[in-house]
Amino acid sequence: MFAATERDNDGDGSLLKVLRYDTGSTASELDASAEWDLTGDLPAVDDNGGFEGISWIPDTFLTAGGFRDDHTKAPYDPAVYPGHGTGLYFLGLEDEGRIHAYALDQAGGGFTRVASFSAGFPKVMELEFDPATGSLWSVCDDTCSGKSATLKLSGGKFTVTATYARPSKMPNYNNEGFAIAPACGAGRRAVVWSDADDGDDGGHALRTGTLPCG
């Protein structure tokens, strides 16, 4: 399991890290088995404006779509990044409203930023890749009235293809999490929104709905 952090609560300032955890561990406390500190590679942001979303996209999808590598100025070639695994990690930097794609050396520590692009909103709070439709979802909280957007590969770049309002029956909550179930039933797939810890509106942290399978 991979997680992204935005700050160190024991100090001041942002701390933009990706952490890997072994969820099969039987230890009483779960420590990160590897970490990547990306703070110095990214623009300075407020300590509460760092990473809010992380999503993994496989190399097979990226190469098939002709994903453009900003680092090499050429179509993305996984072989350029030995040891990175089988995909790239896409991270949403809240205060920038931008998404950054990284090749992470799975031994830990080493990384290369492969691409950066707009999330479609002034701020971004969540990312979710949907392999069934080839869409990368970006989500904004109550800052943007709960809107979300889909981005797809076009000409080697991820660009916004649609923007959606929040569900009509859901108030403008501080939702900062979004997940799509892979399974389809009766033409619909389940989705889940999660409220931020400082929200807990109506005494609930999770809310569910559905999306058409297509």
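The values are calculated or read from the model by the stated rules, or taken from the named source; none is laboratory data. Everything quoted here is computed from the prediction, not taken from an experiment. Every residue, glycine as well, gets a Cβ built from its backbone with ideal geometry; the counts of neighbours run over all protein chains shown.
Give me a count of the residues in region 3-19 that are surrounded by fewer than 16 Cβ atoms within 10 Å (Cβ to Cβ) and touching a residue at least 40 places away in the same chain (Cβ under 8 Å). Break it down stepwise before answering.
Narrowing region 3-19 to residues surrounded by fewer than 16 Cβ atoms within 10 Å (Cβ to Cβ): 3, 8-13.
Okay, now just the ones that are also touching a residue at least 40 places away in the same chain (Cβ under 8 Å), so 3.
Of the residues in that region, 1 qualify.
Checked against the criterion of being exposed (fewer than 13 other Cβ atoms within 10 Å of the Cβ) and modelled with pLDDT of 95 or more, the candidates Ala190, Ala165, Ala179, Ala183 yield just one match: Ala165. Gly83 meets all of the listed conditions (1) assigned to a loop (DSSP other than H, G, I, E, B); (2) more than 21 Å from Lys17 (Cα to Cα) but one, namely (2). Within region 44-56, the set of residues being surrounded by 13 or more Cβ atoms within 10 Å (Cβ to Cβ) and among the polar types (S, T, N, Q) comprises Ser55 only.
Candidates are the residues of region 78-136 that are surrounded by fewer than 16 Cβ atoms within 10 Å (Cβ to Cβ) and of a type in the set (A, V, I, L, M, F, W, C); the one that is nearest to Asp31 (Cα to Cα) is Ala107. On inspection, Glu35 qualifies as modelled with pLDDT of 95 or more and either among the polar types (S, T, N, Q) or over 28 Å from Thr159 (Cβ atoms) (or both). Looking only at residues in region 57-70 that are in contact with a Ser or Thr (Cβ under 9 Å, 6 or more places away or on another chain) and surrounded by fewer than 19 Cβ atoms within 10 Å (Cβ to Cβ), the one that is farthest from Tyr102 (Cα to Cα) is Thr60.
Just one of Lys123, Lys152 is touching a Ser or Thr at 6+ places or on another chain (Cβ under 9 Å), more than 29 Å from Asp200 (Cα to Cα), among the basic types (Lys, Arg) and modelled with pLDDT of 95 or more; which is it? Every option except Lys152 fails the conditions. Return the residue satisfying two criteria in turn: it lies in region 159-209 and is touching a helix residue (DSSP H, G or I) at 6+ places or on another chain (Cβ under 7 Å) and polar (S, T, N, Q), and of such residues it is nearest to Gly97 (Cα to Cα). Among residues in region 159-209 that are touching a helix residue (DSSP H, G or I) at 6+ places or on another chain (Cβ under 7 Å) and polar (S, T, N, Q), the one nearest to Gly97 (Cα to Cα) is Asn174. Is it the case that some residue within region 64-74 is modelled with pLDDT of 95 or more, more than 16 Å from the chain's Cα centre (by Cα), under 28 Å from Asp141 (Cα atoms) and assigned to a helix (DSSP H, G or I)? No - not one qualifying residue is present in region 64-74. If you check Ser145, Ser154 for being polar (S, T, N, Q), on the phi > 0 side of the Ramachandran plot, free of Cβ contacts under 8 Å to residues at least 60 places away in the same chain and surrounded by fewer than 20 Cβ atoms within 10 Å (Cβ to Cβ), only one passes: Ser145.
If I ask for residues that are charged (D, E, K, R) and under 18 Å from Asp95 (Cβ atoms), which ones from region 1-26 would you list? Passing the criteria: Glu6, Arg7, Asp8, Asp12, Lys17. Give the residues of region 94-117 that are more than 19 Å from Arg7 (Cα to Cα) and at pLDDT below 95, sorted by residue number. Once the filter is applied, which keeps residues that are more than 19 Å from Arg7 (Cα to Cα) and at pLDDT below 95, region 94-117 yields Ala107, Gly108.
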